[in-house]
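Taking it in order: structure first as structure tokens, then the write-up.
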Amino acid sequence: MTENLPPQDEPQQPQAQPAQAHPEQAHQPQAQPPVEPQQPQPQPSPTQTWWHQQGAAAPPYGAPEQQPYGVPAPVATQARPKRKVSTPIVVTAIIAGLIGGGVGIGGSALLASGDNPPVLSSQPPSASQVSSQAGSVAYAAEVATKFTVDIKIPTQQGTVTGTGIILTPDGYVLTNNHVVSSAAKGGKIQVTTADGKKLSATVKGTAPSYDLAVIKLDNASGLTPAVLGQSSSLKVGQPVAAVGSPEQLSNTVTAGIISALSRTVKAGGEDGGGGVVVYNGLQTDAPINPGNSGGPLVNMDGQVVAVNSAVEPGQSSNGGLQAYGLGFSIPIDKAKQIANELMQNGKATKPVLGVSGSVQAQSGSADGGTQLAGVQDGGPAAQAGIKQGDTILSIDKTPINSYADLMAEVLKHTPGQQVPVTVKHADGSQQDVTVTLGSATDTEQTTVPQQPQEQQGNPFGGIPGFGGR
């Protein structure tokens, strides 16, 4: 980048070429030599573009610099979410900082008289910049890191990494099912607490449909449990922070906002194969990366409002652009209910509607909805008068646009709950019915047939199909 200076009104005199500064000296103010009277000021040389000359670090994660939003091709079916910072943006920020510094010290440093260079000094930050009071990211981070743990499970394919949330002083920990599912195949769970203590753990119970699990640390006591908030009270735009171990960087804190309150999350199944796991989640732009899975999303009081679970990779798995700022977390109101069941019974239940369908796009209807491929005989839907071929338009007053939406909306409820459902019958008539949801033990994921490029990636490393290396 160069600066174009306006021409001087005075006659041009031969100018001495100023010595070119070494790149490492670009940040340091230089004392000016005494100015000879009645001599024209020398013209400054054009500003040098120096960022490539300083041996700057490669763009994050090794992404090609000429493609600021590109990422390497993923492994298997899932794209690993990669964080990339565009080089031009970084350069702009650096240059802005340098210009700001020059203007700020122009009176005392650049115009200092005599041969004595100025002496730089520092000022302590204001109290507002280092606030540990509730309501700040610093406070939320200070609270949340105390109840956040690292989880590692060595396997034949590699080491699964994730994060967990301490629930009780004696070592019950909440995390994602996809983090600990490999432990069922002989993997040993290794947990590291915030103070560096390493403990082994066993799986207490899992709820695959909600991508949740509870593990129990061995010989644990005196741990700091999390304070659980209320996801039902969240608002779009509310600040939040995510804590976890992305890329095995323990106690990493990132911040953002709640971007949306109810999203249908479609993530790859445990086997990375022909099913898409569906559940309802919060959307946040707080960066969530491999290793964040199972960690807390907290409000500015340090209260857990959700469990981090998945990211949207965009079109990176197809060689296209990587999506950023699209993270998804399981609301704590539902996670708390499931965790209580797992701690008490070692298993959890899920609601059942008793219908089947496909994630594939519908044939098209002005009313939206999803057409049912089948209805279970004697099931909850059938008892309410819903038939095969009917189209469900809404459930509990929430519009339905796909079968995945329907499954996610059902999972927001509890077994035995009565929910209003709007149905469009094959003859075109609409009807409002009330369905009493059934109950089933949650032993396997709620999946629907997979539609290519319609799933979020689970942000942890190690296993193909879950953003593995």
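The values are calculated or read from the model by the stated rules, or taken from the named source; none is laboratory data. Keep in mind the model is a prediction, meaning the values are calculated, not measured. With ideal geometry, Cβ positions are generated from the backbone for all residues, glycine too; neighbour counts draw on all protein chains shown. The area values use the complete protein model at the heavy-atom level, side chains included, leaving out ligands, DNA and RNA. Shrake-Rupley method; radii C 1.70, N 1.55, O 1.52, S 1.80 Å.
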Among V214, V203, the single one that is without any contact (Cβ under 8 Å) to a residue 24 or more places away in the chain, part of a strand (DSSP E or B) and closer than 19 Å to T443 by Cβ is V203
Cβ pairs under 8 Å, 6+ apart or interchain, first in the stretch 358-375 and more than 15 Å from G428 (Cβ to Cβ) and open to solvent by less than 20 Å² (accessible area, probe 1.4 Å), second modelled with pLDDT under 75 and not hydrophobic (A, V, I, L, M, F, W, C), ordered by first then second residue, are V359/P449; V359/Q450; V359/Q451; V359/E454; T370/Q362
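Residue by residue, here is whether (1) in contact with a Leu (Cβ under 9 Å, 6 or more places away or on another chain); (2) more than 20 Å from K334 (Cα to Cα); (3) modelled with pLDDT of 90 or more; (4) open to solvent by 40 Å² or more (accessible area, probe 1.4 Å) holds:
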residue	(1), (2), (3), (4)
A381	yes, yes, yes, no
K387	yes, yes, yes, yes
D390	yes, yes, yes, no
S394	no, yes, yes, no
T422	yes, yes, yes, no
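Checking the condition open to solvent by 10 Å² or more (accessible area, probe 1.4 Å) and at positive phi, which residue from Q283, Q238, Q248 passes?
So the residue among Q283, Q238, Q248 that is open to solvent by 10 Å² or more (accessible area, probe 1.4 Å) and at positive phi is Q248.
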Output for Cβ contacts, cut-off 8 Å, separation at least six or different chains, first residue within 16 Å of P351 (Cα to Cα) and without any contact (Cβ under 8 Å) to a residue 60 or more places away in the chain in the stretch 376-388, second assigned to a loop (DSSP other than H, G, I, E, B) and open to solvent by 30 Å² or more (accessible area, probe 1.4 Å), reads A382/Q376
Residues that are surrounded by fewer than 20 Cβ atoms within 10 Å (Cβ to Cβ) and within 23 Å of the chain's Cα centre (by Cα): does the stretch 200-215 have at least one?
no
Result of the Cβ filter at 6 Å on the stretch 238-258, keeping first residues that are closer than 16 Å to A310 by Cα and partners that are charged (D, E, K, R) and open to solvent by less than 30 Å² (accessible area, probe 1.4 Å), at least 6 apart or interchain, is S245/D150
Among the residues of the stretch 141-168, the number that are more than 10 Å from N251 (Cα to Cα) and touching a Gly at 6+ places or on another chain (Cβ under 6 Å) is 10
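So that you can scan it fast, the table gives a plain yes or no per residue for (1) assigned to a strand (DSSP E or B); (2) modelled with pLDDT under 95; (3) not hydroxyl-bearing (S, T, Y):
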site: G273; (1), (2), (3): no, yes, yes
site: V276; (1), (2), (3): yes, yes, yes
site: G281; (1), (2), (3): yes, yes, yes
site: N289; (1), (2), (3): no, yes, yes
site: S293; (1), (2), (3): no, yes, no
site: L297; (1), (2), (3): yes, no, yes
site: V307; (1), (2), (3): yes, no, yes
site: S317; (1), (2), (3): no, yes, no
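Suppose the filter is assigned to a strand (DSSP E or B), hydrophobic (A, V, I, L, M, F, W, C) and in contact (Cβ under 8 Å) with a residue 40 or more places away in the chain; does V143 pass it? So that I can check it myself, show each step before the final result.
On the way: assigned to a strand (DSSP E or B): no; hydrophobic (A, V, I, L, M, F, W, C): yes; in contact (Cβ under 8 Å) with a residue 40 or more places away in the chain: yes.
Against the criterion (assigned to a strand (DSSP E or B), hydrophobic (A, V, I, L, M, F, W, C) and in contact (Cβ under 8 Å) with a residue 40 or more places away in the chain), V143 does not qualify.
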